[in-house]
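First the structure, in the form of structure tokens, and then the observations on it.
The values are calculated or read from the model by the stated rules, or taken from the named source; none is laboratory data. Fair warning: this is a prediction, and the values are worked out from it, not measured in the lab. Glycine gets a Cβ as well: all are built from the backbone with ideal geometry, and neighbour counts include every protein chain shown.
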Amino acid sequence: MPEVLGSIRQSITGFLQRCGLQYKNVPLDETWYSECCQEATKRGHPMDAILPYMSVGVAITSNAYGHLTDRPTKMWICLFTVVCTCMDDTMTSGTDLVHVYRFNERFANCQPHEHPVMHALDGIIREVACHYPAPVSNFIVTSGLNYVSSLLLDHETKDMRISPQAPSYPDYSRMLSGIPYAYAYCIFPSTLPLQEYVQCMLDLVIVINHTNDILSYYKEEIQGDSANYLSLVAASRGLTKQSALRELVEKTVQAHHSILEFLRPRPEAYDAYVAFFNGYFKFHTQGRYKLEEIM
């Protein structure tokens, strides 16, 4: 295990250096935390279920989306994150899963949900058009709905053998589960024309998903998680997890620098992305991913 941890540390350190990031523990914004709790309570969200995940939503909005000036939009991102994280942690097995299976149909038909977390997510997704114009709002909605489907996909495939004949499957699964399109479109102010940044959308998706995969890998490895993205990649391509991690670092660094090159002549989009990327890393230092244990 010490060798494995050393390899993980080396990969993460290399990733940070090549992206110009420096590890620094950032405290949670307690004022923003209080505001978000008050807003969730005011909306009637099920606080008993979602409160344990409030810090995740607060951390991502105060760090990765702190550059956005529209406070209601940041609140939306926070609550969306909180509810989705809650679902991922608490609704992927047992009787709650029945409600997840019914979510998209009930959402499409404007039918009430029998579970308070599902009800909260429904309202949050419907609200997105208040914060972003079409087609951006459309992409965010479909990303949210795909996330719900990804929970079902994980359930349906939990005993599935990963085939080396389908090496792209882990990427397909991750595109759904990471909600990357929603988080990518949210980087940019709603007033910024789509054409300023849309051509680098796939690279943004790579950066969002795989920065998380890289920085959460240590936590998942010590917890014995064998169903994460890197484990699936390793299984599908006959690699060790450490080799898969090194390749993923390379892919993510390249995507990051491609984004910077494309956005450089577009200062508003460039500044938004740089602020997001630096903040997205800070989000990963706030306890949930246990990076302080190896940095």
Mind checking which pairs have a first residue in region 256-276 that is free of Cβ contacts under 8 Å to residues at least 60 places away in the same chain and a second that is not in a helix (DSSP H, G or I), Cβ under 8 Å, 6 or more apart or different chains?
Y270/R264
Every listed condition ((1) in a helix (DSSP H, G or I); (2) free of Cβ contacts under 8 Å to residues at least 60 places away in the same chain; (3) closer than 26 Å to C36 by Cα) holds for Y132 save (1)
Do we have S149 as in a helix (DSSP H, G or I), small (G, A, S), farther than 25 Å from L192 by Cα and free of Cβ contacts under 8 Å to residues at least 60 places away in the same chain here?
yes
The correct count of residues that are in a loop (DSSP other than H, G, I, E, B) and touching a Ser or Thr at 6+ places or on another chain (Cβ under 7 Å) in region 239-295 is 1
Any residue in region 29-36 that is free of Cβ contacts under 8 Å to residues at least 40 places away in the same chain and under 26 Å from T142 (Cα atoms)?
no
Tell me the residue from V253, V233 that is within 13 Å of I208 (Cα to Cα) and either surrounded by fewer than 17 Cβ atoms within 10 Å (Cβ to Cβ) or within 20 Å of the chain's Cα centre (by Cα) (or both), please.
V253
Of the residues L68, L51, which is aliphatic (A, V, I, L, M) and within 17 Å of H131 (Cα to Cα)?
L68
Filter result (surrounded by 15 or more Cβ atoms within 10 Å (Cβ to Cβ) and either basic (K, R) or more than 14 Å from the chain's Cα centre (by Cα) (or both)) within region 172-189
R174, F188, P189
(1) in contact (Cβ under 8 Å) with a residue 60 or more places away in the chain; (2) in contact with a Phe, Trp or Tyr (Cβ under 8 Å, 6 or more places away or on another chain); (3) more than 30 Å from S236 (Cβ to Cβ): which one isn't true of E127, the others all being true?
(1)
Which residue out of C78, C86 is at pLDDT 95 or above, more than 20 Å from K282 (Cα to Cα) and surrounded by 21 or more Cβ atoms within 10 Å (Cβ to Cβ)?
C86
Only listed residue being in a helix (DSSP H, G or I), of a type in the set (V, I, T), farther than 20 Å from I60 by Cβ and out of contact with any Leu (no Cβ under 6 Å at 6 or more places or on another chain), chosen from T81, T142
T142
